[in-house]
Amino acid sequence: MGASAMAVASVSSPSDIDISTFSTYDIRLEVAGSSCDKYPAKQHARRVAAQLGVSHGLIYLVGQPTVYLDDSDQTRPFRQRRYFYYLSGVDEADCYLTYDIGSDLLTLYVPDFDLHRAIWMGPTITVKQAQERYDVDRARYYACLKGDIDRWAAANNQNYPIYILHDSQAPTDNPPTLWLDTTQLMPAMNTCRGVKDKHEIELIRRANEISGLAHKDVLQGIHKMVNETEIEATFLDTCVSHDAKNQAYEIIAASGANAATLHYSKNNEPLKGRQLVCLDAGAEWNCYASDVTRTFPLQGRWPSAEARNTYRIVEKMQEECIRRIKKGVRYLDLHVLAHVIAIEGLLELGILKGGSVEEIRQSGASRVFFPHGLGHHVGLEVHDVSGESLMAIADDEQAKYSSVLVPTTSRSPCTLSAPTLEEGMVVTVEPGLYFSRLALDNARQQPLAKYINFEEAEKYIPVGGVRIEDDILVTADGYENLTTAPKGEEMLEIIRKGEMVVGVEM
Ligand code: GLY
Ligand code: MN
């Protein structure tokens with residue numbers, strides 16, 4: 001709550017607060033025993049139970065244990081298991097969780113006190129602290145876990161299963177005769193996680209705000225950087241300084257032709273002579289991801305007609321797709337639209353040729369330049385889970401869509417009623433165009449080669465690639481763009497201003 005005093009208001013008796021004693025104050029509402037500013041673990045547990053469609057059973061989840069590096073006394077960097085976090089809000093090692101669906105009882109188990117560990121690493125959380133900090137009905141020490149499960153099983157397990165995510169996460173200390181269900185929990189949780197509640201949206205928004213600041217700091221300083229390493233370092237500096245210690249994924253700071261490698265991560269080449277930088281980097285906030293890509297020149301103007309033209313096409317692909325986002329829209333149709341706009345733009349540039357937009361789309365030629373999906377869900381994972389893939393197609397749609405689909409992004413056979421966007425989903429819209437020598441050489445051998453002017457495409461190799469990526473919340477009547485990083489003209493202006501600041505200093 002920072003430096004401000006805090007008044008905790010009971011909803012039924014607001015008159016209890018004497019606000020005159022506070023120069024500044026925050027009001028925290030407490031409703032039915034669960035505080036609004038806690039991560040809503042209990043709501044999530046109830047949603048998952050409803051999705052399972054059962055009124056009895058025990059959900060059992062194992063948090064990420066402390067793991068040592070191979071042949072070392074150093075621990076692996078801790079990353080909480082996302083399914084565990086969703087039902088607990090706990091970002092600490094060696095915890096467990098049960099949710100008794102019948103009695104609506106969410107229990108967090110925290111590590112037993114360990115003097116040696118406390119002296120070296122600081123004490124682990126107590127049950128009292130856990131109870132205060134997290135939205136659980138009760139917190140208990142690990143020592144109680146085996147007995148609690150034994151008692152639950154003796155009373156219930158004949159009729160109702162214990163739901164777990166994997167065989168490998170079965171209770172280890174209890175008898176092997178427990179009735180476990182390993183098939184239903186993960187799909188139920190995936191469906192719930194695909195649609196975010198207000199609390200989750202605020203976490204993604206905060207992650208985006210920090211990423212926005214970090215992207216801006218890179219833009220301001222890019223004119224004086226000489227190596228990709230400095231781009232990564234500047235981005236990290238801003239994120240960590242804002243208490244966002246983890247990145248949602250490995251930073252991609254790709255200059256020039258490196259941008260044609262979609263997940264380039266070496267980030268250590270000189271910038272001299274490079275036309276553009278593609279920076280795909282997003283901070284994580286309380287385990288929630290942001291996923292943001294900006295592509296920009298080293299100075300505040302386009303270095304070549306090729307760079308500017310490529311940027312303009314991708315900008316249009318993104319703007320037209322974002323504009324159409326609302327609930328009920330099929331995301332796959334936006335992916336197809338992005339291909340159509342790419343084909344129109346590449347025809348105008350003379351990189352594609354010799355056919356109608358539809359003929360070229362059917363040939364797969366646009367996939368040579370736009371080889372990935374338009375986007376994905378964002379949440380606890382940067383590529384977040386959901387009930388169904390955004391790109392899912394039914395069996396009989398193969399012919400219609402296969403030319404623009406990447407095999408790994410569309411799970412088929414899938415559903416007869418293709419998934420559409422729902423209010424509360426957060427998805428990226430990240431079109432890109434790339435000029436990869438590998439992809440072009442491969443394309444020369446294929447029938448689609450007749451639609452590509454390779455001589456013209458070669459001129460774009462130094463551009464590397466352009467990707468622009470924002471995180472979009474689907475709302476009741478449209479969308480909200482959660483990404484605050486500057487792009488387009490505003491982005492160029494920031495680079496120019498950065499150059500001028502140096503001029504003043506000199
Ligand atoms: N930002 C990396 C990706 O979406 O794959
Ligand atoms: Mn992405």
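The values are calculated or read from the model by the stated rules, or taken from the named source; none is laboratory data. All of these numbers come straight from a predicted model, not from anything done at the bench. Don't worry about glycine lacking a Cβ; one is built from the backbone with ideal geometry, like all the others, and counts go over all protein chains shown. Each accessible area value is taken on the protein alone, full model and side chains, heavy atoms only, with ligands, DNA and RNA left out. Shrake-Rupley method; radii C 1.70, N 1.55, O 1.52, S 1.80 Å.
A quick yes/no check of all residues on (1) within 10 Å of ligand 1 (Cβ to nearest atom); (2) among the hydrophobic types (A, V, I, L, M, F, W, C); (3) out of contact with any helix residue (DSSP H, G or I) (no Cβ under 9 Å at 6 or more places or on another chain):
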| position | (1), (2), (3) |
| --- | --- |
| Ile251 | yes, yes, no |
| Ser255 | no, no, no |
| His263 | yes, no, yes |
| Asn267 | no, no, no |
| Pro270 | no, no, no |
| Arg274 | no, no, no |
| Ala283 | no, yes, no |
| Tyr288 | no, no, no |
| Val292 | yes, yes, no |
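Among the residues making up region 268-282, those that are closer than 20 Å to Tyr249 by Cα, in contact (Cβ under 8 Å) with a residue 60 or more places away in the chain and in a loop (DSSP other than H, G, I, E, B) are Ala281, Gly282. For Ala244, are the conditions met, namely being away from ligand 2 (no atom under 16 Å from the Cβ), open to solvent by less than 60 Å² (accessible area, probe 1.4 Å), outside any strand (DSSP E or B) and in contact (Cβ under 8 Å) with a residue 24 or more places away in the chain? When the stated conditions are applied, Ala244 passes them. Going through (1) open to solvent by 20 Å² or more (accessible area, probe 1.4 Å); (2) in contact with an Asp or Glu (Cβ under 6 Å, 6 or more places away or on another chain); (3) within 16 Å of ligand 2 (Cβ to nearest atom); (4) in contact (Cβ under 8 Å) with a residue 60 or more places away in the chain one by one, Ser265 falls short only on (4). Look at region 426-448: where a residue is within 16 Å of ligand 2 (Cβ to nearest atom) and a partner is of a type in the set (A, V, I, L, M) and modelled with pLDDT under 95, sitting 6+ places away or on another chain with Cβ atoms under 8 Å, you get Val427/Leu390. If you go through region 332-378 and keep only what is among the β-branched types (Val, Ile, Thr) and either more than 32 Å from the chain's Cα centre (by Cα) or more than 16 Å from ligand 2 (Cβ to nearest atom) (or both), you end up with Val336, Val340, Ile341, Ile343, Ile351, Val357, Ile360, Val368. Residues in region 103-135 that are aliphatic (A, V, I, L, M) and either assigned to a loop (DSSP other than H, G, I, E, B) or in contact with a strand residue (DSSP E or B) (Cβ under 9 Å, 6 or more places away or on another chain) (or both): Leu105, Leu106, Leu108, Val110, Ile125, Val127, Ala130. Can you pull out the residues in region 268-286 that are buried (at least 24 other Cβ atoms within 10 Å of the Cβ) and over 17 Å from Leu213 (Cα atoms)? Result: Leu276, Val277. With respect to (1) among the hydrophobic types (A, V, I, L, M, F, W, C); (2) assigned to a helix (DSSP H, G or I); (3) in contact with a helix residue (DSSP H, G or I) (Cβ under 7 Å, 6 or more places away or on another chain), the lone exception for Leu145 is condition (3).
Could you go through region 346-364 and let me know if any residue there is open to solvent by less than 40 Å² (accessible area, probe 1.4 Å), in contact with a strand residue (DSSP E or B) (Cβ under 6 Å, 6 or more places away or on another chain) and of a type in the set (Gly, Ala, Ser). No, region 346-364 contains no residue that is open to solvent by less than 40 Å² (accessible area, probe 1.4 Å), in contact with a strand residue (DSSP E or B) (Cβ under 6 Å, 6 or more places away or on another chain) and of a type in the set (Gly, Ala, Ser).
Just so you know, in region 464-505 the residues that are of a type in the set (Val, Ile, Thr) and within 16 Å of ligand 1 (Cβ to nearest atom) include one that is farthest from Leu271 (Cα to Cα), and it is Ile472.
Scanning region 314-327 for residues that are among the hydrophobic types (A, V, I, L, M, F, W, C), surrounded by fewer than 23 Cβ atoms within 10 Å (Cβ to Cβ) and in a helix (DSSP H, G or I) yields a count of 1.
Taking only region 278-297 into account, find how many residues are of a type in the set (Ser, Thr, Tyr), within 13 Å of ligand 2 (Cβ to nearest atom) and within 9 Å of the chain's Cα centre (by Cα).
1
Being in a loop (DSSP other than H, G, I, E, B), under 24 Å from Ala41 (Cα atoms) and not basic (Lys, Arg) is true for just one of Thr177, Thr183, Thr98. Which residue is that?
Details: Thr177 fails: under 24 Å from Ala41 (Cα atoms); Thr98 fails: in a loop (DSSP other than H, G, I, E, B).
Of Thr177, Thr183, Thr98, the one residue that is in a loop (DSSP other than H, G, I, E, B), under 24 Å from Ala41 (Cα atoms) and not basic (Lys, Arg) is Thr183.
The residue list Met186, Met225 contains one member that is within 30 Å of Thr475 (Cα to Cα), among the aliphatic types (A, V, I, L, M) and in contact (Cβ under 8 Å) with a residue 12 or more places away in the chain, which is Met186.
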